[in-house]
Amino acid sequence: MAVLTNTFQTTQAVGNREELSDVVSRITPEDTPIYSLIEKGKCTTYHPEWETDELAAPGANIREEGEEYAFGAITPPMRLGNYTQIMRKDWIISATQEVTAEAGNVQKRKYQKLKKGVEIRKDVEFAIVDTNATVAGSTREFGSLSTWTISNVSRGAGGANGGFNVGTGLTVAPTEGTQRPFTKAILDAVMQQGYQNGANFRHVSVSPYVKSVFVTFMSDSNVAPFRYAVSQSGERNTIVATADYYEGPFGTVMIHPNRVQAVNAGVARNAFFIDSDMLSFLWLRQIQEDRDVAKTGDADKGVIIGEGTLKVHNERGLGVAADLFGLSSAS
Amino acid sequence: MIVRDGDWKLFDYDFHTGRSVWVMDDGDRTHWRTDYPVENLVRQNQFTRHATAGNAFGEWTKVASMPLNLAHSENLVRAHSEGDDRYVKRWLNNGDNRAWRSFEGHL
């Protein structure tokens with residue numbers, strides 16, 4: 001059908017809202033490996049809750065002929081929850097700068113918005129990989145991945161699991177142990193625990209340094225040892241910036257270098273093993289621009305804000321190799 | 001300072017790997033471009049393929065190494081997450097993608 005003359009279409013409109021969160025999710029997904037991997041959903045309260053139920057461990061089941069029945073107690077499902085965290089990015093540009101830098105204030109503002117949108121997404125990734133426990137209240141915080149994981153773990157001497165506390169409804173931060181180098185034994189230990197607990201680890205997210213250690217596992221006694229060609233001076237190191245596929249004893253695993261995990265030693269010390277079916281990110285308020293910021297003074301102000309939380313469907317589907325030297329061979 | 005390449009504006013640059021992300025706005029849409037220096041990676045993969053030629057699969061065998069943005073744009077990350085191993089293996093076994101393979105064995 002023809003469109004009547006002068007019909008005002010969305011393609012002509014300049015002020016239509018765009019789904020900022022969709023836009024920033026599509027841009028460079030490799031910047032935020034874990035957030036990009038997992039499913040995104042919605043929640044309707046600042047404290048979404050869910051349940052996990054599990055089968056009893058297999059055991060001998062032998063009964064006597066003519067035996068009277070006895071009934072075991074039912075274990076109720078475990079009620080889990082996490083709190084949403086409010087994340088915000090803002091900017092203010094003087095009106096003079098707005099016109100000085102380039103023509104078209106809209107473009108300038110749009111550029112800032114995208115940049116802050118990508119930055120806030122990296123903050124989401126940071127909140128997933130840090131070691132902060134859940135905090136309730138008005139300055140809420142969601143429990144990070146490492147605070148949930150207790151089943152498939154390898155920790156340094158003195159390290160202890162955190163985990164979800166059913167009594168308080170909050171996660172507890174793990175206790176840091178003595179740092180040690182990442183080894184194949186640690187990798188295999190976590191992979192095996194995961195396999196036994198029903199996890200299907202497909203992705204491993206590590207700091208770029210840990211990824212460079214991972215590469216050395218190839219020089220196994222089963223294969224002919226070899227050395228990598230040392231890059232010539234001035235050439236770029238590509239090992240740490242690639243997605244690597246490994247055929248391992250527990251299936252194919254993809255290793256992601258996570259630059260967000262290189263921000264500090266605290267987040268670099270953990271290597272995360274992920275079954276992406278067991279994790280999702282729920283948005284209460286998707287990343288969006290607050291368009292109602294009052295204009296005061298001779299400047300343009302902008303705010304991008306989002307509120308969401310991490311949903312760990314079942315921590316048995318996740319693993320962590322903690323207390324690794326994550327930035328260098330000694331830190 | 002804004003670094004330009006024609007209509008493209010530099011959005012992000014990683015000094016360690018040389019990866020650069022560019023943005024261009026044509027009025028209607030925002031376009032994104034990721035440049036990734038791959039010469040070293042292709043050479044490294046070739047070196048590793050030769051060094052491991054004739055080996056059996058070991059305990060942990062790196063079979064491929066590719067730029068992250070390619071893994072995402074070719075839907076390999078998604079297929080791998082969803083357990084579509086046939087898609088991933090078909091892609092990796094395809095001779096056109098040999099540059100990213102670091103082990104010759106058929107998957």
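The values are calculated or read from the model by the stated rules, or taken from the named source; none is laboratory data. Being a predicted model, the structure only gives us computed values, none of them experimental. Positions of Cβ are backbone-derived with ideal geometry, glycine not excepted, and every protein chain shown enters the neighbour counts. Heads up: the accessible areas ignore ligands, DNA and RNA and are worked out on the full protein's heavy atoms, side chains in. Shrake-Rupley method; radii C 1.70, N 1.55, O 1.52, S 1.80 Å.
Structure summary
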| read-out | value |
| --- | --- |
| Candidate set from the range A:276-331 (those that are of a type in the set (Lys, Arg) and crowded, with 20+ Cβ neighbours inside 10 Å); member that is farthest from the chain's Cα centre (by Cα) | A:ARG316 |
| Exclusive hit being more than 33 Å from the chain's Cα centre (by Cα) and modelled with pLDDT of 85 or more, set A:ALA60, A:ALA2 | A:ALA60 |
| Only listed residue being under 30 Å from A:ASN258 (Cα atoms), among the polar types (S, T, N, Q) and surrounded by fewer than 18 Cβ atoms within 10 Å (Cβ to Cβ), chosen from A:THR139, A:THR131, A:THR100 | A:THR139 |
| Matching strands (runs of 3 or more DSSP E) fully within the range B:6-73 where at least 1 residues are touching a Leu at 6+ places or on another chain (Cβ under 7 Å), open to solvent by less than 30 Å² (accessible area, probe 1.4 Å) and more than 8 Å from every other protein chain (Cβ to nearest Cβ) | B:20-25 |
| A:GLN196 being free of Cβ contacts under 8 Å to residues at least 60 places away in the same chain and open to solvent by 40 Å² or more (accessible area, probe 1.4 Å) | yes |
| Elements of type strands (runs of 3 or more DSSP E) contained in the range A:247-316, each with 2 or more residues being aromatic (Phe, Trp, Tyr) | A:271-274, A:279-289 |
| Count of the range A:110-163 residues which are free of Cβ contacts under 8 Å to residues at least 60 places away in the same chain and assigned to a loop (DSSP other than H, G, I, E, B) | 10 |
| Subset of the range A:193-217 that is of a type outside the set (A, V, I, L, M, F, W, C) and in a strand (DSSP E or B) - its residue that is nearest to the other protein chains (Cβ to nearest Cβ) | A:HIS203 |
